[in-house]
Amino acid sequence: MPAAMRNALAALAIASAALAGSCAAPHSRPPEAFWTSLSGTLARTIESARDAQEKARDELMTAHDAMIQQVASQDAEGSYREGRRIVARCESRIKTASDRARNVSDNSKDIFARWEREARDYADPGLRDQSLRELSAAQGRSKRMLAAVNAADASFNPVLLGIKDDSLYLKHRRGVANPPAPQYTQVAKREKDLAAMTAAVETSRKECDAYLAIMPRPVH
């Protein structure tokens, strides 16, 4: 990882320490030791989002294979009930992943907004400008990470739609004697959606890990 990227986020801890050690005047307000709470919260939300996305991916992959078995089953009622449970588990995993991805975005905005406010409290224009440049670099790195997280989040729904189609097919065949096999026309698309989801979640994981690696951790 380039040293410039590491320095950009490390500057947040340095700026906070410098502010904390200065006298109250001419700063408009004495800064709190916010790095421990905000940075720690951000790190935890990134880790949580990363893990939730991997669990959602695994659930959808498992569901895809399970639905193939349910569609092939001769137990119309049992396969329908199991199909509903499969869909419910997928939706739950996806919702959790989406909520945690949103938390990453919200916490990132909070920490950068606080950084910008406190950077403008510098009495020395040189230190203020330096801090704002470092803030801009850190925001750029964060933007890349968030784009990957959001892309992974968006990759789940196309896979879920195929699984829901299977569930609906299982529902409708209950009332049909000797139902015909499903006439799929998007088998290739389903496989493509699965591959795209897998790739997006892997990219998100790498970007989250790379971002976490350059985040300075609080010193106790």
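Between R84 and L161, the simple label model (points 7 Å from Cα in the Cβ direction) yields a spacing of 2.5 nm. Each eigenvalue of the Cα gyration tensor of the stretch 64-118, multiplied by 5 and square-rooted, gives one semi-axis; in descending order these are 44, 8, 4 Å. Roughly speaking, what is the stretch gain from T62 to A177, that is 0.36 nm per residue apart minus the C-alpha to C-alpha distance, in nm to one decimal? Between T62 and A177, full extension yields 38.5 nm more.
Round to the nearest 0.05 the FRET efficiency obtained for T41 and Q130 when R0 = 35 Å and r is the Cβ-Cβ distance. Walk me through the numbers before you get to the answer.
On the way: r = 25 Å, r/R0 = 0.73.
That gives a FRET efficiency of 0.85.
Centroid-to-centroid, using Cα positions, the stretch 167-220 and the stretch 47-84 are 10 Å apart. With 24 Å as the limit, write out which pairs from K55/K192; K171/K192; K143/K164 have Cα-Cα distances beyond it, or answer none. Among K55/K192; K171/K192; K143/K164, the Cα-Cα distance tops 24 Å for K171/K192; K143/K164.
Ranked by the mean number of other Cβ atoms within 10 Å of their residues, highest first, the peptides 157-170, 58-71 fall in the order 157-170, 58-71.
Residue by residue, the stretch 111-126 carries 3J(HN,Hα) couplings of 5, 6, 5, 5, 4, 5, 4, 6, 4, 6, 7, 4, 7, 7, x, x Hz when phi is fed to the Karplus relation 6.51 cos²θ - 1.76 cosθ + 1.60 (θ = phi - 60°); x denotes Gly or Pro. For the stretch 134-144, the Karplus equation 6.51 cos²θ - 1.76 cosθ + 1.60, evaluated at θ = phi - 60°, returns couplings of 5, 4, 4, 5, 5, 5, x, 5, 5, 4, 5 Hz by residue, with Gly and Pro reported as x. Candidate cross-link partners of K206 among the aspartates and glutamates, defined by an alpha-carbon separation under 14 Å and a same-chain spacing of 8 or more, comprise E47, D51, E54.
Values quoted throughout were computed directly from the atomic coordinates according to the rules given, and no laboratory measurement underlies them. Model, not experiment: these values are computed from the prediction. Note: ideal-geometry Cβ built from the backbone for every residue, glycine included; neighbour counts use all protein chains shown.
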